[in-house]
Amino acid sequence: MKKIAFLLALALFTSCLLFGCTGKPAAPASTGGSAAGTDGAGGQPVTLTFLNKYPEDNYRPYFEQAIRDFEALHPGVTIQMESVSDEQIKDKLRVIAGGELPDIFFTWPGEFQRKFDRAGLTLDVTSYLDADPAWQSGFLPAVLETGVYEGRNHSIPFRYSAMFILYNKAIFEKYSLSEPKTYEEFLNICETLKQNGETPLLFGNAQTWYGAWYSGTFNQLCVPYDTKMNDYNPAVGEFTDPGYIQALQSIVDLQTKGYFSPNVLSVDYYQAREQFCAGQGAMIVDATSQFSIYEENCAEDWGFFKVPPIAGAKGSADYITGGAEAYAISAKTQAPDMAVEFVKFLTTKEQAYKMTQETGLPNPIIGSIDENNSSARLVEAIDMVNQYKGIAAWLDTDVEAKVADAFMTAVSDCLGGKDPAEAMKSVQAAAKEVRDSQG
């Protein structure tokens, strides 16, 4: 009996040497440098909280499956995802910014993210990118650059979008119209359409973020780039350049000339989009992220073109309005390696390709959009975007929240009859309030 007990003890001791005292085989190392299924510190199970956007039925299943696939590759890791809508996530992150952020959270690069960066709440992921050159070089450089703060990467883009003007091909052909190369040509198209009883440009600002797409685009075209970027810095921004008034006036002119659809302050973006899909207007401003919606719902064929440069304006036509959507990691996460590993998984070429194929969301990974996983239109649009020097981020996420609100109010006020110069005074007042709070 003593001999049997000794042999059993020896076998148990050998098993512990081979597999660890838990009796389970040791997990293989992951590409992120930590043990798969653990945080790399003691081999304990890991639970990561993940705040995402995309709760809709056409998006949510993709993310749920991606999480299941990642967990299968990393036994012991649990990803707890919460998905909320666009506006809800802005409110939620503003509320919790002073407390504990989720381990991984959706963000818009720009001032929306920079406030977290300045507060030291986001993990600097530069070293992870540098340690994996294949991962780092897989992103479109201009899109990866959107998450840089003080020379360091603080977020990883998983999607990006850019703004174009979509047009109804049948209506354009009816009046022998072609895609404009200059803003003057664009205005001539609008006038021709109006004179023939057509609605030139479908627009609705009941949800003021849509008006921010317009004001952000015209700011880019009318304000010198360096001046604009200085003003977008909440510590010093003044917004006194006359280009901002010209930008607002350009929006007002589209309305006063009769080029917008009626009732712009009571119609929202979604209604305008439905009207375009039903053939009730010739053009609409929208982003590449929504191309799949038009592909599925438009009654007639459609094309798209860049927002043309304005002759004599002092802005830069080298940038296109748009922006990335990204994932940041809390600086306080207890499992930074595994959090990065999850974000890296979501932005592999294979996973990015699958996201675009299943959801229609454009991804920023080089070579991960083609006519097999998206439409020919999206492929063409992405090629056009890549010809720009960079992306001018959406206004409502690129400036401080109070300034963004003032800009969106200014657009609505101008559409309601207020003088653009007077409307800009409220933006300047908001900027001063923000500057004072920074000091």
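Consider GLY279 carefully, then state whether it is over 27 Å from THR356 (Cβ atoms) and open to solvent by less than 40 Å² (accessible area, probe 1.4 Å).
Values: over 27 Å from THR356 (Cβ atoms): yes; open to solvent by less than 40 Å² (accessible area, probe 1.4 Å): yes.
So GLY279 fits the description; yes.
Please go through the stretch 222-241 and give me each residue that is open to solvent by 20 Å² or more (accessible area, probe 1.4 Å) and either under 20 Å from PRO308 (Cα atoms) or of a type in the set (Val, Ile, Thr) (or both), ordered by number.
Quick first cut of the stretch 222-241, residues open to solvent by 20 Å² or more (accessible area, probe 1.4 Å) only: 224-227, 229-230, 233, 235-236, 238, 240-241.
PRO224, TYR225, THR227, VAL236, THR240 - these are the residues of the stretch 222-241 that are open to solvent by 20 Å² or more (accessible area, probe 1.4 Å) and either under 20 Å from PRO308 (Cα atoms) or of a type in the set (Val, Ile, Thr) (or both).
Given the condition within 19 Å of VAL343 (Cα to Cα), among the aliphatic types (A, V, I, L, M) and open to solvent by 40 Å² or more (accessible area, probe 1.4 Å), answer yes or no: does some residue in the stretch 127-137 qualify? Please lay out each step first, then the result.
Quick first cut of the stretch 127-137, residues within 19 Å of VAL343 (Cα to Cα) only: 127-137.
After this cut, where a residue has to be among the aliphatic types (A, V, I, L, M) as well, the list is 129, 131, 134.
Filter once more, so that each one left must be open to solvent by 40 Å² or more (accessible area, probe 1.4 Å): 131, 134.
Scanning the stretch 127-137, I find at least one residue that is within 19 Å of VAL343 (Cα to Cα), among the aliphatic types (A, V, I, L, M) and open to solvent by 40 Å² or more (accessible area, probe 1.4 Å), so the answer is yes.
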What do you reckon, is PRO61 in a loop (DSSP other than H, G, I, E, B) and either farther than 19 Å from ALA335 by Cβ or in contact (Cβ under 8 Å) with a residue 40 or more places away in the chain (or both)?
-> no
Flag if ALA406 is open to solvent by less than 10 Å² (accessible area, probe 1.4 Å), at pLDDT 95 or above and small (Gly, Ala, Ser) = no
Filter pass, GLN249 being open to solvent by 40 Å² or more (accessible area, probe 1.4 Å), touching a residue at least 24 places away in the same chain (Cβ under 8 Å) and either among the polar types (S, T, N, Q) or under 30 Å from SER330 (Cα atoms) (or both) | yes
Among (1) open to solvent by 20 Å² or more (accessible area, probe 1.4 Å); (2) closer than 26 Å to THR208 by Cα; (3) within 24 Å of the chain's Cα centre (by Cα) - the single one GLU422 does not satisfy | (3)
Failed item in (1) open to solvent by 60 Å² or more (accessible area, probe 1.4 Å); (2) touching an Asp or Glu at 6+ places or on another chain (Cβ under 9 Å), with ASN168 passing the rest | (1)
When the residues of the stretch 70-99 are filtered to those that are out of contact with any helix residue (DSSP H, G or I) (no Cβ under 8 Å at 6 or more places or on another chain) and farther than 21 Å from ASP396 by Cβ, which remaining residue is modelled with the lowest pLDDT?
-> GLY98
Output the residue which, of all residues in the stretch 255-276 that are under 27 Å from the mean Cα position of the chain (by Cα) and part of a helix (DSSP H, G or I), is nearest to ASP405 (Cα to Cα).
-> TYR269
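I want to confirm something. Restricting to the stretch 332-382 and keeping residues that are small (Gly, Ala, Ser) and touching an Asp or Glu at 6+ places or on another chain (Cβ under 6 Å), which single residue is farthest from GLU64 (Cα to Cα)? Working first, answer last.
Going through the stretch 332-382, the residues small (Gly, Ala, Ser) turn out to be 335, 339, 352, 360, 367-368, 374-376, 381.
Checking the rest, the ones that are also touching an Asp or Glu at 6+ places or on another chain (Cβ under 6 Å) come to 335, 339, 375.
Details: ALA335: 21, ALA339: 16, SER375: 24 Å.
Top of the filtered list is SER375.
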Only residues that are in contact with a strand residue (DSSP E or B) (Cβ under 7 Å, 6 or more places away or on another chain) and either without any contact (Cβ under 8 Å) to a residue 12 or more places away in the chain or open to solvent by less than 50 Å² (accessible area, probe 1.4 Å) (or both): list them for the stretch 172-202, please.
-> PRO180, CYS190, PRO200, LEU201, LEU202
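Could you name every one of the helices (runs of 4 or more DSSP H) located completely within the stretch 115-221 that has at least 1 residues being within 24 Å of LEU93 (Cβ to Cβ) and not aromatic (Phe, Trp, Tyr)?
Working: elements: 126-131, 133-137, 141-144, 169-174, 183-195.
Per the criteria, 126-131, 141-144.
Which residues, counting only those in the stretch 142-156, are open to solvent by 10 Å² or more (accessible area, probe 1.4 Å) and in contact (Cβ under 8 Å) with a residue 60 or more places away in the chain?
We begin by selecting, within the stretch 142-156, every residue open to solvent by 10 Å² or more (accessible area, probe 1.4 Å); these are 142, 144-146, 148-154.
ALA142, LEU144, GLU145, THR146, HIS154 - these are the residues of the stretch 142-156 that are open to solvent by 10 Å² or more (accessible area, probe 1.4 Å) and in contact (Cβ under 8 Å) with a residue 60 or more places away in the chain.
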Which pairs have Cβ atoms under 7 Å, sit 6 or more apart or on different chains, and link a residue in the stretch 278-294 that is modelled with pLDDT of 95 or more to one that is among the aliphatic types (A, V, I, L, M) and part of a loop (DSSP other than H, G, I, E, B)?
-> ALA278/ALA299; GLY279/ALA299
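How many residues are open to solvent by less than 60 Å² (accessible area, probe 1.4 Å) and either over 18 Å from PHE158 (Cα atoms) or assigned to a loop (DSSP other than H, G, I, E, B) (or both) when one looks only at the stretch 91-110?
Our first condition is that a residue be open to solvent by less than 60 Å² (accessible area, probe 1.4 Å); within the stretch 91-110, this holds for 93, 96-97, 99, 101-110.
Retained after the next criterion (residues that are either over 18 Å from PHE158 (Cα atoms) or assigned to a loop (DSSP other than H, G, I, E, B) (or both)): 93, 96-97, 99, 101-103, 108-110.
Residues flagged as open to solvent by less than 60 Å² (accessible area, probe 1.4 Å) and either over 18 Å from PHE158 (Cα atoms) or assigned to a loop (DSSP other than H, G, I, E, B) (or both) within the stretch 91-110 amount to 10.
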Would you check if PRO102 is touching a strand residue (DSSP E or B) at 6+ places or on another chain (Cβ under 8 Å) and closer than 21 Å to ALA393 by Cα?
-> no
Does the stretch 157-171 contain any residue that is free of Cβ contacts under 8 Å to residues at least 60 places away in the same chain and in contact with a Phe, Trp or Tyr (Cβ under 8 Å, 6 or more places away or on another chain)?
-> no
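The values are calculated or read from the model by the stated rules, or taken from the named source; none is laboratory data. Note that the coordinates shown come from a computational prediction; the quantities given were computed from them, not determined experimentally. Here the Cβ is made from the backbone with ideal geometry for all residues, glycine too, and neighbour counts use every protein chain on show. With ligands, DNA and RNA removed, areas are computed over all heavy atoms of the protein, side chains included. Shrake-Rupley method; radii C 1.70, N 1.55, O 1.52, S 1.80 Å.
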